[in-house]
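Q: Quick one: this structure, given as structure tokens, is what I'll be asking you about.
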Amino acid sequence: MSGPAGGALERVQTAARRAGGAWNRHDKSSLRDALEVARELDLPDVKLEYGGLRFRFDLRPGGGAATTAVTAEQQAGDGDERVEVDMTSGVSAPPPAPAPGVPTATDPQFADARGSTVEAAADHARLREKEAVAQERRRRQKAARKVREAAAREAIAKYAELPYGDVETPMKKVRCELWSTTVDLKMALTKLVGEVTQRCATEGARAGLSTKACQILFSGQRYEMTVLSGTAVLEMAQTERTTDLLMLINYGLTTERLATLLRRWSKRAAPVTAG
């Protein structure tokens with residue numbers, strides 16, 4: 001063995017011989033075995049006796065190689081003597097043998113486990129990418145629906161003030177599943193106003209709530225309907241109420257859609273705070 005480690009071993013051998021022993025390959029093997037055990041158990045040092053000598057190997061944290069504090073202390077022989085052996089380069093303990101049942105990097109079992117882990121990570125990454133794509137698609141669809149609905153409300157709001165039958169507000173027939181019939185748009189709106197009034201009056205009587213009249217605007221003319229007092233619909237502008245009703249007719253007047261509109265209209269109005 002050459003280099004600083006080899007010189008250190010030579011000095012250890014010299015110290016052993018001075019104690020009356022002959023250092024051989026069996027001694028070397030025993031020393032390496034002791035270092036291996038220390039590394040496996042993560043011990044801070046190794047102490048052993050050889051004839052009249054005591055050796056101490058201080059190890060790096062984590063079971064690394066021996067560093068500077070390898071000493072040979074003579075206990076008997078030609079005078080008491082303490083020999084300091086420089087082991088800066090270290091006497092490296094062989095890597096510990098794997099524990100039974102624990103696969104190493106070269107074992108097929110380890111390779112299979114590592115492959116499964118990599119495959120699972122890849123699947124997880126693909127799922128995350130797929131979900132991100134789906135979320136982005138839903139976001140675009142939602143934004144597109146908002147744009148379409150805003151455009152539709154803007155177009156249908158013209159029926160509130162422009163004359164019915166005008167170029168921008170043409171007369172048209174609409175299908176109303178609520179009454180299982182097809183009628184003119186103006187007729188559908190007036191019938192719907194009556195339907196809202198009747199349902200709000202019925203709900204008010206059932207729940208002991210008061211009602212209040214409000215107006216909508218169609219073709220420049222005002223129509224009156226009754227809703228529950230203190231609700232959100234009373235805070236809306238006439239044109240906004242008209243647009244809500246016309247959008248309901250435009251998308252298909254059904255019992256379910258009318259109930260949804262009335263629930264939104266019947267939410268409690270925001271409290272008025274004093275200025």
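The values are calculated or read from the model by the stated rules, or taken from the named source; none is laboratory data. Source: prediction; values computed, not measured. With ideal geometry, Cβ positions are generated from the backbone for all residues, glycine too; neighbour counts draw on all protein chains shown.
Q: Can R257 be described as closer than 25 Å to E149 by Cα, buried (at least 19 other Cβ atoms within 10 Å of the Cβ) and of a type in the set (K, R)?
A: Spelling it out, it is not the case that R257 is closer than 25 Å to E149 by Cα, buried (at least 19 other Cβ atoms within 10 Å of the Cβ) and of a type in the set (K, R).
Q: Within the stretch 241-254, how many residues turn out to be touching a residue at least 24 places away in the same chain (Cβ under 8 Å) and either part of a helix (DSSP H, G or I) or outside the structural domain of M187 (by TED's automatic domain parsing) (or both)?
A: 9
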